[in-house]
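Student: Could you have a look at this structure, given as structure tokens, before my questions?
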Amino acid sequence: MKCFNTNVALIAIPLLIATIALGQGGPPASVQQDLIALDKQWGEAGGKGDTATLNKILSENFLGIGQKGEALGKQEQVATTTATGANVQNASYTADEYKFETLTPDVIVMTHRATTKGMQDGKEVTESHRSLHVFQKRGGQWQVVANAQLPVK
């Protein structure tokens, strides 16, 4: 049994070291806060129909997958985001459960859960989803280059 444990350790330790070396983990707290702020701007801009802000946040070569599985480019994402928000009055956007993974110093993946609440046709509505965003830093600014969003029931 002792030989088995030693062999497992000899295999497991190098694998653990290799895994740590390959993955960079999460970005610094300051970068996380910047990306959370950008995500919140995106959520709030959609509710207000603020296409100028959405156009700054989303890269020109943006790739997205919508809540119904549809492929979205930048213009489709802006249109979908503003159309959804236009039908809801007094919308509030709340996001939490943020997780990050650094792929390179200039490419970071974020996941989170978000909920939008407001009034539509005199009734309270709530929409919740999980998002996966890929951010890339270009010219000193973070932009979303890819996104996938799935509804949470």
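The values are calculated or read from the model by the stated rules, or taken from the named source; none is laboratory data. Everything numeric here is computed off the predicted structure, so don't read it as measured data. With ideal geometry, Cβ positions are generated from the backbone for all residues, glycine too; neighbour counts draw on all protein chains shown. All accessible areas refer to the heavy atoms of the entire protein, side chains included, with ligands and DNA or RNA removed. Shrake-Rupley method; radii C 1.70, N 1.55, O 1.52, S 1.80 Å.
Student: In segment 135-150, what count of residues is obtained for those that are out of contact with any helix residue (DSSP H, G or I) (no Cβ under 9 Å at 6 or more places or on another chain), closer than 18 Å to Gly69 by Cβ and either open to solvent by less than 50 Å² (accessible area, probe 1.4 Å) or not in a strand (DSSP E or B) (or both)?
Tutor: Adding up the residues that qualify gives 3.
Student: Does Gln136 meet the test of being under 17 Å from Leu54 (Cα atoms) and touching a residue at least 12 places away in the same chain (Cβ under 8 Å)?
Tutor: yes
Student: For Val109, indicate whether it is among the aliphatic types (A, V, I, L, M), modelled with pLDDT under 95, in contact with an Asp or Glu (Cβ under 9 Å, 6 or more places away or on another chain) and open to solvent by less than 60 Å² (accessible area, probe 1.4 Å).
Tutor: On the way: among the aliphatic types (A, V, I, L, M): yes; modelled with pLDDT under 95: no; in contact with an Asp or Glu (Cβ under 9 Å, 6 or more places away or on another chain): yes; open to solvent by less than 60 Å² (accessible area, probe 1.4 Å): yes.
Taking the combined requirement at face value, the residue does not satisfy it.
Student: Here is a further query. Please work out which one of (1) touching a helix residue (DSSP H, G or I) at 6+ places or on another chain (Cβ under 6 Å); (2) without any contact (Cβ under 8 Å) to a residue 40 or more places away in the chain is the condition Lys153 fails and give its number.
Tutor: Every listed condition holds for Lys153 apart from (1).
Student: Being touching a Gly at 6+ places or on another chain (Cβ under 8 Å) and β-branched (Val, Ile, Thr) narrows it down to one of Thr80, Thr94, so name that one.
Tutor: Thr80
Student: Could I ask something else about it? Kindly indicate which of Glu44, Glu76, Glu101, Glu60 is under 14 Å from the mean Cα position of the chain (by Cα) and either surrounded by 14 or more Cβ atoms within 10 Å (Cβ to Cβ) or assigned to a strand (DSSP E or B) (or both).
Tutor: Glu101
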